Amino acid sequence: MSKNIQIAIIIVCCISGIFAANKSFDVTKIFNSVNHTVLAGYMNTTKNATSSMFYHMFSPQGLTFDNSKPLVVWFQGGPGCSGWVGSLLEIVPFSINSVNGTMQTSYNQFNWARDNNLLFIDQPFGVGYSSAGNGTAPNTTEGAADQVEVFLDELFQTYPKLKSNPLFIS
C-alpha cells in the first residue's frame, strides 16, 4: 500500500471518530522510513467525556516514548490552528514532496524529533480533528489554556514517564 493511501486512511479514521477518546494508536508503519515511533489519538478533556482533543506524537529517533528526552509541545499559532500544519510541513522527521506528480515522503534532516519527543495538539475544541462534543469551544485564550492543562494532565497519566522529562512549549 502506498504511503499516500496509508496517510489518507489515517486522516479518514480521525475524521470519522474511529480513534476512541483516551486511546492512542501506533501509526509508525505509515512513517516506517523515519525510525521514530508515531502515535495518534484523542484525550478526553472534560469530565463528561464528550469533548476530546486530537494529538499526535513522535518519539526521538530510534526510541519509544519510555525515554528521558525532552517533551516539546508545538502550538501552531492561535489558539485555533491545527497541529497538523507544523507536523506535516515543518519540524517532523519527514517531508512530503511531489515527485513526478506523485506524493512521496522523505527524511527531514532538520527535524526536531532527533533528540526530542514531539507533541502536536489540535486545540481548543473544534479545531482540526478535536471535537467539542456536547460542550462548547472556549472563546478566550484562558479557556483554551485550561483545556490544554487538562489535556496534559491526561497525557501524563497515559504516559507517566513523560511527566518527569523536561517540558518545552513552542
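Quick notes
- Kirkwood analysis of segment 28-170, using all unique Cα-Cα pairs, places the hydrodynamic radius at 15.7 Å.
- Fraction of accessible area attributable to carbon and sulfur, segment 43-170 (%, probe 1.4 Å): 52
- Computed with a 1.4 Å probe over protein heavy atoms only, the accessible surface of segment 92-150 comes to 52 Å² per residue.
- Radius, Kirkwood style, for segment 97-149 when every pair of distinct Cα atoms is counted (Å): 14.3
- Charge dipole of segment 45-170 about the Cα centre (unit charges at C-beta), most positive-ward option of Pro166, Ser59, Thr136: Ser59
- Other residues with beta-carbon under 11 Å from the beta-carbon of Lys161 carry, at +1 per Lys or Arg and -1 per Asp or Glu, a net charge of +1.
The values are calculated or read from the model by the stated rules, or taken from the named source; none is laboratory data. This structure is a prediction, so every number in the text was calculated from the model and none was measured. Please note: Cβ atoms are built from the backbone with ideal geometry, for glycine as well, and neighbour counts cover all protein chains shown. For accessibility, only protein heavy atoms count, side chains too; no ligands or nucleic acids. Shrake-Rupley method; radii C 1.70, N 1.55, O 1.52, S 1.80 Å.
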